[in-house]
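Shown next, in structure tokens, is the structure this report addresses.
The values are calculated or read from the model by the stated rules, or taken from the named source; none is laboratory data. This one's a predicted model, so the numbers in the text were calculated from it and none came from an experiment. Methodologically, a virtual Cβ is constructed for each residue, glycine included, from the backbone with ideal geometry; neighbour enumeration extends over all protein chains shown. Side chains included, ligands, DNA and RNA excluded: accessible areas come from the protein's heavy atoms. Shrake-Rupley method; radii C 1.70, N 1.55, O 1.52, S 1.80 Å.
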Amino acid sequence: MLRSIFVAVLCALGVGTTVHAQPAPQLRTINVITFGGGINLPILVAQRQGFFAKHGVEINLRYTPNSVYLMTGLIEGRFDIASAAIDNLVAYQEGQGEAPVKVQPDLVAVMGFDNGYLNLVALPEVKTVADLRGKDLGVDALSTGFAFVLREMMDKAGIKDSEVKYVRSGGTPLRYAALLERKFGATLLSSPFDLQAEAKGFTRLGNATDLLGAYQGRAAFGMRGWLRDNEAAAIGFMRAMREAMEWIYDPQNREIAEAVLVANDRDLTPALAKKTYDMFVDKKGGLSRDVKIDMAGFKVLLALRAKYGEPKRDLSDPMKYIDLELYRKAFPNAPR
């Protein structure tokens with residue numbers, strides 16, 4: 001009896017017993033496609049801080065050269081979730097995309113990240129928008145992404161489509177490099193690429209949100225079938241991204257956030273990283289802390305696509321492209 005009591009005490013203390021560690025839960029891999037640049041700070045933070053793993057997922061992050069590669073790969077199943085301009089979703093869903101696809105798109109957005117941070121940047125000798133007449137303007141694709149924003153900026157400045165030439169130049173990193181090589185007169189650059197170009201002597205001519213007001217830029221979206229069949233993984237991704245946003249907005253994390261920006265962009269100096277961080281946490285135009293889609297900004301986007309997109313489509317119903325139910329499942333306590 002004494003022996004039994006002794007063994008029981010040893011077991012309670014964990015002495016002389018073999019403890020079998022529980023295997024870590026297997027993480028669900030999500031193939032994520034996005035454009036390069038500092039705008040990916042929330043994704044990079046979620047990776048670095050372990051937020052994805054905390055919510056049961058890991059991401060295989062790929063960078064795209066342009067919107068055609070991103071959208072065709074997403075629709076055809078090579079990628080699961082895209083972080084890109086939500087305009088691309090609408091374009092391909094409505095048959096206005098830049099390239100044909102092998103399957104019928106059935107796309108939906110689940111959360112929003114920012115207003116695009118779209119800045120018109122030109123060659124050093126170009127001092128005004130009027131100086132762009134007769135010049136080439138770089139865009140990702142002619143019928144997707146932010147090309148319509150640039151056309152609207154030109155239109156508001158009194159410059160007709162016939163007075164400039166829009167040239168396909170790929171995603172923001174490629175357009176930034178092409179602008180430095182003087183391959184066209186101007187292009188829209190997302191932050192912090194605009195700051196980097198300006199530091200090299202290039203001219204900032206304007207900001208899209210100054211002209212348009214609200215605008216929904218980047219969002220997370222995917223095929224409805226994948227999101228439905230992988231709901232738990234999608235929710236894990238969403239929660240990790242929102243946690244990353246909260247982390248970025250915490251001023252105690254500023255130095256680390258700036259270091260992450262510098263580490264992931266060879267052209268970004270510490271001084272420019274500080275400016276970038278300030279923009280990302282700006283109370284008026286910063287990153288979408290609650291990762292909600294800005295409905296007012298999305299309606300502006302749809303109005304631009306209705307104006308410039310071909311063939312013409314009725315784009316009056318924004319809810320065709322947004323899954324609010326998945327957002328509610330991910331964040332049940334979020335304000336309605």
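Tabulated data
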{"quantity": "Local electrostatic count, THR144, Cβ distance below 9 Å [Lys/Arg +1, Asp/Glu -1]", "calculated": "-3"}
{"quantity": "For peptides 57-64, 125-132, sequence by mean Cβ density within 10 Å, most packed first", "calculated": "57-64, 125-132"}
{"quantity": "For the stretch 18-91: relative contact order, % (alpha-carbon pairs under 8 angstrom, 6 or more apart)", "calculated": "43 percent"}
{"quantity": "Accessible area of the chain belonging to carbon and sulfur atoms, whole % at 1.4 Å probe", "calculated": "53 percent"}
{"quantity": "Solution diffusion estimate, µm²/s, Stokes-Einstein, the stretch 179-286, Kirkwood Rh from C-alpha pairs, 20 °C, viscosity 1.002 mPa s", "calculated": "130 µm²/s"}
{"quantity": "Normalised alpha carbon radius of gyration of the stretch 105-179 [divisor 2.2 N^0.38 Å]", "calculated": "1.22"}
{"quantity": "Semi-axes of the equivalent ellipsoid for the stretch 232-274, Cα gyration tensor, largest first, Å", "calculated": "25, 13, 6"}
{"quantity": "Computed [θ] at 222 nm, helices only, for the chain once each DSSP H run of length n ≥ 4 contributes -39500 (n - 2.57)", "calculated": "-12000 deg cm²/dmol"}
{"quantity": "Magnitude of the charge dipole, the stretch 167-219, Cβ model with Lys/Arg +1 and Asp/Glu -1, debye to 20", "calculated": "200 debye"}
{"quantity": "The chain, relative contact order in percent, only Cα pairs under 8 angstrom and at least six apart counted", "calculated": "25 percent"}
{"quantity": "Selection from SER143, VAL281, ALA46, by position along the positive dipole direction of the chain (Cβ)", "calculated": "ALA46"}
{"quantity": "Rounded accessible area per residue of the chain, 1.4 Å, Å²", "calculated": "46 Å²"}
